[in-house]
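The values are calculated or read from the model by the stated rules, or taken from the named source; none is laboratory data. Given the structure is predicted, the values throughout are model-derived calculations rather than measurements. Counting neighbours? That spans all protein chains shown, and the Cβs are built from the backbone with ideal geometry, glycine included.
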Amino acid sequence: MPRKLSRLGISIVCCGALIAPAPALARSDGGSPVPPPPKDAVETGYGGAVASVSPYATQIGIDVLKDGGNAVDAAVATAAALGVVEPFSAGIGGGGFFVYYDARTHKVSTIDGRETGPQAFTSTVFIDPATGQPLPFDQAVNSGLSVGVPGTLMTWQQALDHWGTRSLADSLEPAADLAERGFTVTGDFNAGIATNEQRFSDIIPTAQLYLPGGQVPTLGSVFRNPDLAATYQLIAHQGIGAFYGGVLGTEIAQTAQHPPVSPSSDRFFRPGVITAADIAGYTAPLTAPTHVSYDGLDVYSMGPPSSGGTTVGEALNILAALEKSGWKFSDATEADQVASLQAYLEASRVAFADRNRWVADPAFENVPTAGLLSPAYAASRACLISPTSTLVSPVAPGDPTHPSTTCTAATTQTPDTDTEGLSTTHLVVTDRWGNVVSYTLTIEQTGGSALTVPHRGFLLNNEMTDFDFTPIHPPAPDPNLPAAGKRPRSSMAPTIVLRDGRPLLAVGSPGGASIITTVLQILFNRLDLGMSLPQAIAAPRISQRDSSTTQAESAFLSSPLDPALTGLGQSFVPAPPVFTTAPELGAATGLEFLGHGEVLAAAEPTRRFGGSAMVVDPGR
Ligand code: GLU
C-alpha cells in the first residue's frame, strides 16, 4: 500500500469479500426490465474477465464468455450494450480504437475505427463565413457539421471477422434485448441527460427519446430504447451494409444535413455536409500498434491518428531516460513521491509539446511515429527536465526527425486551448484462452452533437471538433487541420502491456486529452510506485498537458504533495467536474494477469459513479 497516496481519502475496494456470483441475464421473461447485475469495482478469478463502466454491459460480456465466446465476441457484445446504457459516451454513431492481443500468435493488433471527415471538408470548414472567425466551440459541437463518418460498427465487424468466433448478429442480440426490455436508470445515465437537458430539448428526436414527458428520467426508473433495439435487429438481419451504403447511412446524412430542431429552440444548429456516399466509403483499417519497451516490458497502444500511443510511449521513454540518469521513482517517503511526480508531470509536459506539433492522421501528414517513440529522442528531451525546477509551458516541440544530440533549452510558444470532450468509455476483456481486448470508444462530448437519428435510437458524434479550427502555433504547420477524408487527432490510448510476450496489464480511460495522462499515471503508479492495479486506478490523478497549470483531483489538492510540488514551480488547478461538482479525471478500467490463469479485473471505485469488474469464475 503506498503510504501517502493511500491516505488521501481514497477507499480501495478490493478483492475477495465483495465477490458475488453474477447471475446470467434472463433473455425472455415476458419483456420485463433486466434487473441490475451486482456491481463491484474489483474481482479476481479465472476463465476470463470484463471491466466496463456499467454492470449491465460487463454482465453481457461475461455471459458471452461463459457461453464459449472469446474476448473479441465479448468485447463487441459489451460495447453494443454500452450503446444502450451509456449512449452519451458511446454507440454506433461514434468511433474508437480497438487493441487486441492474440494468445496464439502473441501478436498485438489494432483497428482504427476513428470517425472521418466528409468529402466536402476543407481546412476552413470550421471558419464562420459570416465573420471569418473560427466557430465558437459550442456552436461547432451543437451542429451537423461536427458529425464525422461513424466507425464503431465497422470496427465491430472487423474485429469479429479477424479474431471473433461469433456473428455480428449474435453479438448484438443481448444489447438489443436490453434496449427492448429496459434497464434501471443509474447515476451516470441520469446525469448524462441532466447535464445536456438544454441542448437535448432542442432536437426533436433526442428530446423524445431522452426527455420522455419533457423530464430527465429519474434514478431507479426503467428506461427502454425500442428504436435502438430495432436498429440493432436491422443490422443483425442485413449486416453492416444497412449502415454503410444502406438506409441508416442515408438517414444519418439526412439528420446531420437537416438537424431536426424543435420549433421552440432558439439555438442555431449549423447543417452538416456529410453524405450517404461518405458513409458508404468508410473503412476501419488494421494498423500497427505503437510499441515501447519500459522496465523490460512491452507496452503496446494505439498509433496515429490517435496521439495516445505515441504520447504515453514518449513519456515512458522520457521516464526511463530520467531513471537511467539516476532519478529514483518510489513512494516510500513523501520526498520520494514528490520527486517521482515531478518526473511524471515533466515527462508528460514535454511529450505533449511534441504531440501537439507532430501527431495527426498519418494518411495526410508525415507523422514521425518512430522518432517520437525512439529512446534516443526521449533522451534528448529528458535532459530538459529538472528535479528542482519546472519547465515553462508551452514548451517548444522537438524535432523527432532529427533528434538533437545536445540538450537544447526549451523555448516557449503561444498556448493551446484544449477543447476535447470529457466523455468516452473504455472496456477491457480477456477470455479463458488468454486473448485480450483493450477498447476505447466515443461519440466525443457527453451527448455528442445532440443529434439523434429519428426513430433509430442513437446519437451522432461531434468528433470533427477534434480537428483544430485554425493553426494552433502559426507559423509552425498544424497537422490537425480538417480535410476531406481525414481523421481528427485523438487522445484515446487503449493499452496492453506484455511481459515476455504474455499479457501483464491492459488499461485505458475516457477523458479527452487527459486520457493520455490517466493511462500514463496508472502505468507509473503500478510499474514504478509499487501500487496494485486497483490502487493505481483509485489514486488521485493529476494531468499536465504542456499547460501553465496542471489539472488535479480534490484528494491531491488537499494533500501535502500539492504545496511540495508547487514549491518546485508546478501550479495546480481543480480538474473540470464531469457529472458531479467534484473535479474528476478519467474513468479507467484495467486487467492484471496474476499468473497461473488468474486475472484481476478493475474499474473505478467512485469516479463516474463507479464502474463494474467481473470474472467468469471467482474461485477455484
Ligand atoms: N474525442 C476525444 C478523443 O478522441 C475523446 C473524448 C473523450 O474522451 O471524452 O481523444
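Which of the residues belonging to the range 143-170 are touching a strand residue (DSSP E or B) at 6+ places or on another chain (Cβ under 8 Å) and not hydrophobic (A, V, I, L, M, F, W, C)? Give the steps one after another, and end with the answer.
Initial filter on the range 143-170 (touching a strand residue (DSSP E or B) at 6+ places or on another chain (Cβ under 8 Å)): 143-145, 148-152, 154-155, 158-159, 162-163.
Within the range 143-170, Ser143, Gly144, Gly148, Pro150, Gly151, Thr152, Thr155, Gln158, His162 meet the criteria.
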>> Need pairs with beta-carbon distance below 8 Å; first residue under 22 Å from Pro397 (Cα atoms) and among the hydroxyl-bearing types (Ser, Thr, Tyr) and within the range 476-495, second more than 10 Å from the ligand (Cβ to nearest atom) and not in a loop (DSSP other than H, G, I, E, B); sequence gap 6+ or separate chains.
In response: Ser491/Thr311
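Can you say whether Leu297 is in contact with a helix residue (DSSP H, G or I) (Cβ under 8 Å, 6 or more places away or on another chain) and surrounded by fewer than 24 Cβ atoms within 10 Å (Cβ to Cβ), as far as the supplied structure shows? Can you show your working first?
On the way: in contact with a helix residue (DSSP H, G or I) (Cβ under 8 Å, 6 or more places away or on another chain): yes; surrounded by fewer than 24 Cβ atoms within 10 Å (Cβ to Cβ): yes.
Judged against the criteria, Leu297 is a match.
Across the range 176-193, what is the total count of residues that are touching a residue at least 40 places away in the same chain (Cβ under 8 Å), part of a helix (DSSP H, G or I) and within 16 Å of Phe88 (Cα to Cα)? Quick ask: steps written out before the conclusion?
Looking only at the range 176-193, we keep the residues that are touching a residue at least 40 places away in the same chain (Cβ under 8 Å), and these are 176-184, 186-189, 191-193.
Next cut, part of a helix (DSSP H, G or I) only: 176-181, 187-189, 191-193.
Now drop any that are not within 16 Å of Phe88 (Cα to Cα), which leaves 179, 187-189, 191-193.
Adding up the residues that qualify gives 7.
Return yes or no: is Pro482 in contact with a Gly (Cβ under 7 Å, 6 or more places away or on another chain) and not charged (D, E, K, R)?
Working: in contact with a Gly (Cβ under 7 Å, 6 or more places away or on another chain): yes; not charged (D, E, K, R): yes.
Criteria met by Pro482.
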> Going by the conditions given, is Val247 at pLDDT 95 or above and under 30 Å from Gln157 (Cα atoms)?
Replying inline: yes
>> Within the range 359-382, does at least one residue satisfy the condition of being of a type in the set (Asp, Glu), closer than 14 Å to Arg489 by Cα and assigned to a loop (DSSP other than H, G, I, E, B)?
In response: yes
>> So, in the range 284-307, how many residues would count as being assigned to a loop (DSSP other than H, G, I, E, B) and farther than 21 Å from Asn366 by Cβ?
In response: 3
> Of these, Phe579, Phe593, Phe556, which one is in contact with a strand residue (DSSP E or B) (Cβ under 6 Å, 6 or more places away or on another chain), of a type in the set (Phe, Trp, Tyr) and not in a helix (DSSP H, G or I)?
Replying inline: Phe593
> Between residues in the range 120-144 that are acidic (Asp, Glu) and residues that are crowded, with 17+ Cβ neighbours inside 10 Å, which pairs lie under 7 Å by C-beta distance while being six or more apart or on different chains?
Replying inline: Asp128/Leu135
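Conditions (1) surrounded by fewer than 24 Cβ atoms within 10 Å (Cβ to Cβ); (2) under 19 Å from Val578 (Cβ atoms); (3) within 16 Å of the ligand (Cβ to nearest atom), marked per residue:
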site	(1), (2), (3)
Ile516	no, yes, yes
Leu520	no, no, yes
Leu523	no, no, no
Leu527	yes, no, no
Ser532	yes, no, no
Ser548	yes, no, no
Ser554	yes, yes, no
> Quick one: would you say Leu594 is farther than 30 Å from Pro387 by Cα, surrounded by fewer than 21 Cβ atoms within 10 Å (Cβ to Cβ) and either in contact with a Leu (Cβ under 7 Å, 6 or more places away or on another chain) or of a type in the set (Lys, Arg) (or both)?
Replying inline: yes
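Condition check ((1) among the aromatic types (Phe, Trp, Tyr); (2) in contact with an Asp or Glu (Cβ under 7 Å, 6 or more places away or on another chain); (3) in contact (Cβ under 8 Å) with a residue 60 or more places away in the chain) across all residues:
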{"site": "Gly501", "(1), (2), (3)": "no, no, yes"}
{"site": "Thr518", "(1), (2), (3)": "no, no, yes"}
{"site": "Gly530", "(1), (2), (3)": "no, yes, yes"}
{"site": "Ala536", "(1), (2), (3)": "no, no, no"}
{"site": "Phe556", "(1), (2), (3)": "yes, yes, yes"}
>> If I filter the range 147-198 down to residues being more than 20 Å from the chain's Cα centre (by Cα) and of a type in the set (D, E, K, R), which single residue comes out as farthest from Gly246 (Cα to Cα)?
In response: Glu197
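Among the residues of the range 504-514, which ones are of a type in the set (A, V, I, L, M) and either on the phi > 0 side of the Ramachandran plot or crowded, with 24+ Cβ neighbours inside 10 Å (or both)?
So in the range 504-514, the residues of a type in the set (A, V, I, L, M) come out as 504-507, 513.
Matches in the range 504-514: Leu505, Ala506, Val507, Ala513.
Among the residues of the range 485-496, is there at least one that is charged (D, E, K, R) and over 17 Å from the mean Cα position of the chain (by Cα)?
Residues of the range 485-496 that are charged (D, E, K, R), as a first pass: 486-487, 489.
Filter again for over 17 Å from the mean Cα position of the chain (by Cα), leaving 486.
Checking the range 485-496: at least one residue is charged (D, E, K, R) and over 17 Å from the mean Cα position of the chain (by Cα).
Restrict the check to the range 534-542 and report whether at least one residue is within 16 Å of the ligand (Cβ to nearest atom), buried (at least 24 other Cβ atoms within 10 Å of the Cβ) and closer than 24 Å to Leu316 by Cβ.
Initial filter on the range 534-542 (within 16 Å of the ligand (Cβ to nearest atom)): 541.
Next cut, buried (at least 24 other Cβ atoms within 10 Å of the Cβ) only: 541.
Next, only the ones that are closer than 24 Å to Leu316 by Cβ stay: 541.
Among the residues of the range 534-542, at least one is within 16 Å of the ligand (Cβ to nearest atom), buried (at least 24 other Cβ atoms within 10 Å of the Cβ) and closer than 24 Å to Leu316 by Cβ, which makes the answer yes.
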> Among the residues of the range 261-269, is there at least one that is surrounded by fewer than 18 Cβ atoms within 10 Å (Cβ to Cβ) and aromatic (Phe, Trp, Tyr)?
Replying inline: yes
> In this structure, does Asp336 turn out to be more than 18 Å from Trp358 (Cα to Cα), assigned to a helix (DSSP H, G or I) and either within 16 Å of the ligand (Cβ to nearest atom) or not hydrophobic (A, V, I, L, M, F, W, C) (or both)?
Replying inline: yes
> Just a yes or no: is a residue in the range 88-95 at pLDDT 95 or above, surrounded by fewer than 24 Cβ atoms within 10 Å (Cβ to Cβ) and either out of contact with any strand residue (DSSP E or B) (no Cβ under 9 Å at 6 or more places or on another chain) or within 16 Å of Ser612 (Cβ to Cβ) (or both)?
Replying inline: no
> What are the residue pairs meeting all of these: first residue in the range 213-236, first residue of a type in the set (Lys, Arg), second residue outside any helix (DSSP H, G or I) and modelled with pLDDT of 95 or more, Cβ atoms under 6 Å, and 6 or more apart or on different chains?
Replying inline: Arg224/Gly182
>> Checking the condition closer than 21 Å to Ser571 by Cβ, in contact (Cβ under 8 Å) with a residue 24 or more places away in the chain and surrounded by fewer than 24 Cβ atoms within 10 Å (Cβ to Cβ), which residue from Pro387, Pro362 passes?
In response: Pro387
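For the range 563-591, name all the residues that are surrounded by fewer than 17 Cβ atoms within 10 Å (Cβ to Cβ) and at pLDDT 95 or above. Give the derivation first.
Within the range 563-591, the subset surrounded by fewer than 17 Cβ atoms within 10 Å (Cβ to Cβ) is 563, 566-567, 569, 571, 573-574, 576-577, 580-582.
Answer for the range 563-591, where residues must be surrounded by fewer than 17 Cβ atoms within 10 Å (Cβ to Cβ) and at pLDDT 95 or above: Pro563, Thr566, Gly567, Gly569, Ser571, Val573, Pro574.
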